[in-house]
Amino acid sequence: MPHSAHEATEHTAKLRTLPSVDRVLAEPALTDMLDRLSRSDVTEAVRRAISGARDALIADRAAPTDSAELARIAAQSLRSLVRPSLRPVINATGVVIHTNLGRAPVSEATELAMARAASGYSNLEYDLDSGTRGTRAGHLESLLCAVSGAQAGIAVNNNAAALYFALNAFCAGREVIVSRGQAVEIGGGFRIPDVLRQSGARLVEVGTTNRTAAQDYADAVSEDTAAILRVHSSNFRIVGFTEEPSLAELRRVADEADALLIDDLGSGCLLDTRHFGLSYEPRPQDSVAAGADLVLFSGDKLLGGPQAGLIVGRSETVDPLRHHPLMRALRLDKSAIAGLAATLHHYVVGEAVETVPVWRMIAADVDELDARARAWRDALGAGEIEPAESPIGGGSLPAETRPTRVLGLAHPHPTEAARLLRQHEPPVIARVEHGRLLLDPRTVLPGEDGCVIEALRDVIGAPP
């Protein structure tokens with residue numbers, strides 16, 4: 001604050017350099033905002049920019065006084081109002097199922113089905129034949145049964161909900177036997193022991209972290225045993241001196257205990273991953289064939305559809321869930337039902353590898369990826385083509401990768417370059433490894449290559 005008449009005069013002179021609100025509003029930087037937002041919102045942003053500059057000047061700090069600069073500051077503060085927080089990005093990391101980037105992109109048919117369901121009315125809970133109330137569950141059940149071989153199936157809003165639902169419905173107040181090696185955290189602080197406690201079930205751990213035998217389960221059975229729960233390690237792997245019983249062995253233990261056998265698969269893989277050079281990933285249809293009473297898996301991840309938790313199994317174990325009070329709280333909305341139905345249809349007709357993006361990415365061969373990476377380099381006039389590995393990621397096939405080719409770019413500040421790519425429109429998400437910027441074409445969708453090249457030109461500064 002000024003301490004003399006001279007200082008006060010200087011501060012007054014500085015404050016007089018600040019432009020009027022009207023003058024800032026007239027700057028070209030705010031033209032677009034005035035077209036898209038109310039004048040009062042834009043005016044308020046300008047007032048905040050001027051006020052901030054005034055406070056800085058009073059405190060003897062540097063501050064913008066130019067009307068164009070203040071208009072730019074006001075426009076920047078308004079962008080959050082005109083640009084949604086949830087935005088499409090280009091995934092050039094090579095991680096196929098990227099949890100932070102929304103996991104699985106859906107097929108064109110799935111996208112269209114979801115948009116159609118959301119944009120108008122539908123027969124969500126209306127029977128077109130009788131003209132009376134119908135059920136939303138009927139839109140998915142035949143498809144779920146067709147892909148899994150189960151007698152019945154329902155869908156809830158995610159696989160964590162599916163597990164909680166099954167435990168609460170059938171095991172509340174009773175014991176559930178789980179291997180110590182499967183009492184795990186599956187992401188985001190979601191831990192199997194916590195889920196059991198919240199559901200009302202009591203956890204009984206058996207075996208050790210790396211070895212659990214069928215006899216360990218049998219020895220733990222009591223009159224209070226409601227279920228044996230198997231949890232597939234879809235986001236980690238224990239190797240070496242290990243043992244775990246097959247589902248068929250657990251089925252025999254469950255039969256002797258008169259208990260349910262619940263198999264939580266997580267990733268929702270319906271195809272044989274060995275055909276793609278990957279290790280075997282348990283499939284719902286295999287679990288159903290092995291005799292699991294309830295099989296739980298995700299609608300996104302390796303299935304490649306919208307987020308959902310799918311529950312299939314015998315009619316006598318699935319049917320009670322339809323009328324459980326939690327069903328209404330956990331049910332899917334119309335868009336997710338439409339999208340999931342379209343995705344499952346790809347599997348029913350045998351076209352998943354060609355149409356479901358995650359499988360199309362997994363199936364892409366090195367020659368195809370090499371050609372795309374070279375096209376990026378040639379268009380950019382910079383970079384080198386390098387061999388690399390694309391992780392499957394996203395709580396599916398832990399540690400599994402597919403060979404790829406990436407565009408590697410030397411940059412004096414690669415982390416800053418990656419940040420600038422993220423700030424581009426659309427944002428491009430790349431990897432930084434060993435001081436180099438890496439972009440993997442495996443996870444860049446068809447039609448996005450041009451956007452990648454444009455973003456790299458803007459950030460790297462290569463000639464067009």
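The values are calculated or read from the model by the stated rules, or taken from the named source; none is laboratory data. The model shown is predicted, which means the values in this text are computed figures rather than measured ones. So basically every Cβ, Gly included, is an ideal-geometry build from the backbone, and we count neighbours across all protein chains shown. Areas reflect the complete protein model, heavy atoms only, side chains present, ligands, DNA and RNA absent. Shrake-Rupley method; radii C 1.70, N 1.55, O 1.52, S 1.80 Å.
A few remarks follow.
- Of the peptides 271-282, 156-167, 302-313, 441-452, the ranking by mean beta-carbon count within 10 Å, highest at the top, reads 302-313, 156-167, 441-452, 271-282.
- Accessible surface of the chain [probe 1.4 Å, protein heavy atoms]: carbon and sulfur percent: 50
- Dipole of the chain, positive end: most advanced residue of Trp376, Thr208, Ala418 [Cβ charges, Cα centre]: Ala418
- Structure-derived Rg and Dmax of the Cα atoms in Å: which label, when the choices are [x] 26.2, 101; [y] 22.1, 69; [z] 28.4, 95: [z]
- Pair-distance profile P(r), taking every C-alpha pair of region 29-98, with 5 angstrom steps and integer %: 3, 15, 20, 16, 12, 9, 8, 7, 6, 2, 0
- With protein chains left intact and a 1.4 Å probe, residues in the chain average 47 Å² of accessible area per residue.
- Region 428-464-region 9-75 distance, computed between alpha-carbon centres (Å): 36
- Note, ³J(HN,Hα) from phi for region 132-147, Karplus 6.51, -1.76, 1.60, rounded to Hz, x at Gly and Pro: 10, 4, x, 10, 6, 5, x, 6, 10, 4, 4, 5, 4, 5, 5, 7
- Taking Cα centre as origin and charging only the Cβ of basic (Lys, Arg, +1) and acidic (Asp, Glu, -1) residues, the dipole magnitude of region 173-324 rounds to 480 debye.
- One Cα centroid belongs to region 146-184, the other to region 251-330; the line between them spans 8 Å.
- Sites listed here are trypsin sites (Lys or Arg not before Pro) in region 19-68 whose DSSP assignment is loop and whose Cβ has at most 10 other Cβ atoms within 10 Å: Arg61.
- The 1.4 Å probe gives accessible areas that order Ser77, Ser179, largest first, as Ser77, Ser179.
- A viscosity of 0.692 mPa s and a temperature of 37 °C, combined with the Kirkwood radius over C-alpha pairs in the Stokes-Einstein formula, give region 321-398 a diffusion coefficient of 199 µm²/s.
- Each Lys and Arg contributes +1 and each Asp and Glu -1, all at the Cβ; summed about the Cα centre of the chain, the dipole is approximately 1240 debye.
- 3J(HN,Hα) from dihedral phi, region 169-176, Karplus parametrisation 6.51/-1.76/1.60, rounded to Hz, x for glycine, proline: 6, 10, 10, 4, x, 10, 9, 10
- For region 62-151, the list of GluC sites (Glu not before Pro) that fall in a loop by DSSP and count at most 16 other C-beta atoms within 10 angstrom reads Glu125.
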